[in-house]
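The values are calculated or read from the model by the stated rules, or taken from the named source; none is laboratory data. Small disclaimer: the values here were computed from a predicted structure and weren't measured. No Cβ is skipped: glycine too gets one built from the backbone with ideal geometry, and neighbour counts run over all protein chains shown.
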């Protein structure tokens, strides 16, 4: 299929992992499903606006969904999937970029109004198994673990 035969959605996310009292945790956003999917945890992030860079989108989305200002780091992972539209009968490609980031300010609390994120929370990695979550969380954590193993 040629690139003119499908829609493309660019999205940018941040993986923020820290450690408190010897327990690693990840900052996640609770995606409300927008009325067409079951709610689940996701990475803070989302769609790139038309005249916005991927990195700028990640910074904006993290603030909207978590209340934190971040300094972007390097690209941690890129991932895509393809499918058919939910409300239209068109093919699409969802191209996703995950960046390392460092919190530089702000406080935990979702700032977007009437958006797709209900709240954000630090979730211990040990408690993440079995919780509903978007696959991008697992993609990012696998890339992070690989990076950590390389040192």
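A few remarks follow.
- Filtered by the rule that a residue be within 16 Å of residue 48 (Cα to Cα), touching a residue at least 12 places away in the same chain (Cβ under 8 Å) and part of a helix (DSSP H, G or I), segment 59-98 gives 59, 61, 62, 63, 64, 65.
- Within segment 100-109, one or more residues are touching a residue at least 24 places away in the same chain (Cβ under 8 Å), in a loop (DSSP other than H, G, I, E, B), touching a helix residue (DSSP H, G or I) at 6+ places or on another chain (Cβ under 8 Å) and on the phi > 0 side of the Ramachandran plot.
- Considering 131, 95, the condition of being over 15 Å from the mean Cα position of the chain (by Cα) and at negative phi is satisfied by 131 alone.
- Here residue 49 does not qualify as at pLDDT 95 or above, farther than 29 Å from residue 126 by Cα, surrounded by fewer than 16 Cβ atoms within 10 Å (Cβ to Cβ) and in contact with a strand residue (DSSP E or B) (Cβ under 9 Å, 6 or more places away or on another chain).
- Number of residues in segment 41-58 that are in a strand (DSSP E or B) and more than 12 Å from the chain's Cα centre (by Cα) equals 0.
Per-residue answers, yes or no, for (1) modelled with pLDDT of 95 or more; (2) buried (at least 16 other Cβ atoms within 10 Å of the Cβ); (3) farther than 16 Å from residue 30 by Cα:
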position	(1), (2), (3)
58	yes, yes, yes
62	yes, yes, no
73	yes, no, yes
85	no, no, yes
89	no, no, yes
98	yes, yes, yes
108	yes, no, no
123	yes, yes, no
135	yes, no, no
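- Qualifying residue in segment 14-30 (condition: modelled with pLDDT of 95 or more, under 20 Å from residue 80 (Cβ atoms), under 12 Å from the mean Cα position of the chain (by Cα) and assigned to a strand (DSSP E or B)): yes
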